[in-house]
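Written out below as structure tokens is the structure these notes cover.
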Amino acid sequence: MNPNSAPAQANTRWSHVGLCVVDLARSMQFYCDGLGAVPAERYELNTEQLPGLGLALEVGDSAAIVSQMITHDALRIELIEWRRPGAVGTPSSQRNQLGLTHLSFWVSDIDSMVERLQQFGGTLLPQTRQSPGVDLVFLADPDGTRVELMAATD
């Protein structure tokens, strides 16, 4: 950090985190019904409406997406369902992998939230259950993105 630079917070305002999903309805169930997020703006965009969209989204000449914003307190997540071309790749499988490694949420009861999220397509990663001063466990969302649940220890 450069001590001579102006504070970044005076020049920036955080917007959102983008999350590529295969099935928007399934992801909405997981994040909204499961974790309590609230649907916000929704956009259906394609290159026929917006020439150059595919190039702006770094996928070539042709693209069609549904962009669904969800909110939870101050957190905003953009769930992006790719209709053309389809989604590719795999999410991070460990925390020392470059890029986004996980989303994290405080919960009051880890076990009941794990059960709840499994009903909405989550997959428990049992080897991640630990208590290093805080109870925590990871699940994978329906597309494999890791979600950390944390609860204060008593």
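Descriptive notes on the structure:
- Using a Förster distance of 30 Å, the FRET efficiency for Glu58-Met150 (Cβ separation, nearest 0.05): 0.35
- Taking the range 1-124 and dividing mean pair separation by its residue count, relative contact order in percent (alpha carbons under 8 Å, at least six apart): 26
- For Arg76, residues with placed amide H under 5 Å, excluding near neighbours: Val17
- Electrostatic tally near His16: other residues with Cβ closer than 14 Å to its Cβ, Lys and Arg +1, Asp and Glu -1, net 0.
- Mean residue ellipticity at 222 nm, helices only, the chain: -3000 deg cm²/dmol; runs of at least 4 DSSP H residues each add -39,500 (n - 2.57), and the sum is divided by the number of residues.
- For the chain, share of DSSP beta bridges that run antiparallel, in % to the nearest 5: 75
- For the range 102-147, relative contact order (Cα pairs under 8 Å, six or more residues apart, normalised by length) works out to 37 percent.
- Accessible surface for the range 1-135, divided over its residues, is 67 Å² per residue with a 1.4 Å probe.
- Proximal charge balance of Pro142 [Cβ under 13 Å; K/R count +1, D/E count -1]: -3
- Relative contact order, whole percent, for the range 60-154 stands at 22, derived from Cα pairs under 8 Å and 6 or more residues apart.
- A cut-off under 13 angstrom between Cβ atoms defines the neighbours of Thr128, and their net charge, with Lys, Arg +1 and Asp, Glu -1, is +1.
- Solvent-accessible area, 1.4 Å probe, carbon plus sulfur percent, for the range 1-109: 54
- Choice from Pro132, Pro142, Pro51 showing the highest fluctuation, given a GNM over the chain with Cα pairs closer than 10 Å: Pro132
- By the compact-protein rule of thumb, 2.2 N^0.38 Å, the alpha-carbon radius of gyration of the chain corresponds to a ratio of 1.19.
The values are calculated or read from the model by the stated rules, or taken from the named source; none is laboratory data. The model shown is predicted, which means the values in this text are computed figures rather than measured ones. Positions of Cβ are generated from backbone atoms using ideal geometry, with glycine treated the same way; all protein chains shown enter the neighbour counts. What goes into the accessible areas is simple: the full protein's heavy atoms, side chains included, and nothing from ligands, DNA or RNA. Shrake-Rupley method; radii C 1.70, N 1.55, O 1.52, S 1.80 Å.
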